[in-house]
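The values are calculated or read from the model by the stated rules, or taken from the named source; none is laboratory data. Keep in mind that what you see is a predicted model, and the values were worked out from it rather than measured. Because the Cβ atoms are built from the backbone with ideal geometry, glycine has one as well, and the counts that use them run over all protein chains shown. In case anyone asks, the SASA skips ligands and DNA or RNA and just uses the protein heavy atoms, side chains included. Shrake-Rupley method; radii C 1.70, N 1.55, O 1.52, S 1.80 Å.
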Amino acid sequence: MWRPGVDVVFAPVDVCGMSKAWRAAGHILLGSITAILAACEPTDRSVSDTTVAPPGGGVEAGSDSGSMGHWDSGAGSVFLVREDSVTRAIFPLIRQLDSSAVLDESMVRELEAEGIAATGAAGTLRVRGFTAAEEICTAWPTVAISADAPRDWTIAFQRGVATPLSLRSIESLKPSDSARLAGQITTLAASLPNDTARAFRGLPFTVRAAHTFTPAPGVEALVAEIVRRVNVEANPREESVLLIAERMSGSTEWRTAYAEHSSGAEDDVERASALVAVKLAPAALPTLVIERAGTDWVAYALIQRDADGQWSESWESAYSGC
């Protein structure tokens with residue numbers, strides 16, 4: 001049976017180089033894969049690339065304009081994240097957490113929200129208001145919630161704006177099925193065309209986590225976190241990949257629908273993970289809520305499937321942390 005930490009080796013395809021544009025927090029969005037992107041790996045900071053696969057095998061270009069994207073007002077004016085022992089309120093329209101940010105407590109006071117876990121719905125909760133918290137770094141405000149709130153939720157949206165989708169762990173499959181799926185995931189990762197981290201080529205992939213879900217009738221999807229490492233004692237490095245793939249029900253062939261890479265020093269590399277899956281807002285778009293985290297910062301993003309079946313990032317929060 002597949003287990004987290006078991007390596008499956010595939011050799012990625014070599015590609016040509018191309019320049020990159022940095023985001024303020026270290027992200028990079030690269031352009032069209034039809035030109036097959038690649039670039040030299042940076043040596044001293046984490047780098048993130050994004051690949052989106054539209055219909056017909058073509059490729060959409062990513063934008064690095066600095067915009068956080070569009071927040072659909074139908075998804076509510078605020079949502080909650082359970083972070084260790086505290087609950088934080090995320091204000092989607094705040095573009096930077098600094099002294100100019102206006103965080104209106106009235107927007108969360110007495111807010112009724114529906115908790116969501118990876119496995120689905122996790123009960124309802126009520127927000128009482130902000131709580132005092134000593135923060136070393138700039139962070140989203142902490143809030144107090146009702147004493148009877150569910151304990152296993154991860155994300156909470158305002159009542160009525162999100163319908164949970166269940167994320168099924170690869171570990172829940174039969175041993176032979178989980179091993180087969182792990183192999184298919186690493187094959188997809190190895191074949192991604194914008195492999196900019198040249199130092200990692202030919203090294204084994206490790207599936208850190210993988211889940212399947214059903215974004216639309218007749219469609220099976222998976223979201224996986226895959227890593228590979230350069231184990232040099234003086235400078236250990238890691239590449240982290242977030243991958244979304246789809247196949248039609250009954251098919252054995254997966255196609256990559258979205259991927260993002262980050263690489264850098266093992267202790268500093270950005271890691272992206274899927275927290276929950278929902279159908280969000282009046283359009284009921286299948287949506288993955290993603291956490292992106294570094295050593296001392298965190299941000300949240302929505303990756304959504306549109307009416308044409310294409311996955312792309314629609315919004316990212318301001319950065320919280322040092």
Name the shape class, rounded, prolate or oblate, that the alpha-carbon gyration tensor gives for region 244-312, where a ≥ b ≥ c are the square roots of its eigenvalues, rounded holds for a/c under 1.5, and otherwise prolate holds if a/b is larger than b/c and oblate otherwise.
oblate
Give me the dipole magnitude in Debye, nearest 20, for region 61-186 about the Cα centre, with unit charges on the beta carbon: positive for Lys and Arg, negative for Asp and Glu.
400 debye
For region 271-322, which whole-number percentage of the solvent-accessible area (1.4 Å probe, protein heavy atoms only) is attributable to carbon and sulfur atoms?
50 percent
Alpha carbon centroid spacing (whole Å) that separates region 163-178 from region 129-151:
32 Å
Counted charge near S166, where neighbours are those whose Cβ lies closer than 14 Å (Asp, Glu -1; Lys, Arg +1):
0
Which ³J(HN,Hα) values, rounded to whole Hz and listed in residue order, are derived for region 123-136 from phi using the Karplus coefficients 6.51, -1.76 and 1.60 in 6.51 cos²θ - 1.76 cosθ + 1.60 with θ = phi - 60°, glycine and proline given as x?
x, 10, 8, 10, 8, 8, x, 5, 10, 6, 8, 7, 10, 6
Find out how many positive minus negative residues lie around A318, taking Lys and Arg as positive, Asp and Glu as negative, among other residues whose Cβ is under 10 Å from that of A318.
-1
Please give the per residue accessible area of region 200-322, computed with a probe of 1.4 Å over protein heavy atoms only, in Å².
34 Å²
Using modelled amide H (1.01 Å from N, peptide plane; none on Pro or chain starts), what sits under 5 Å from the amide H of L93, excluding residues fewer than 5 places away?
none
What does the charge count around A144 come to, taking other residues whose C-beta lies under 12 Å from its C-beta (Lys +1, Arg +1, Asp -1, Glu -1)?
+2
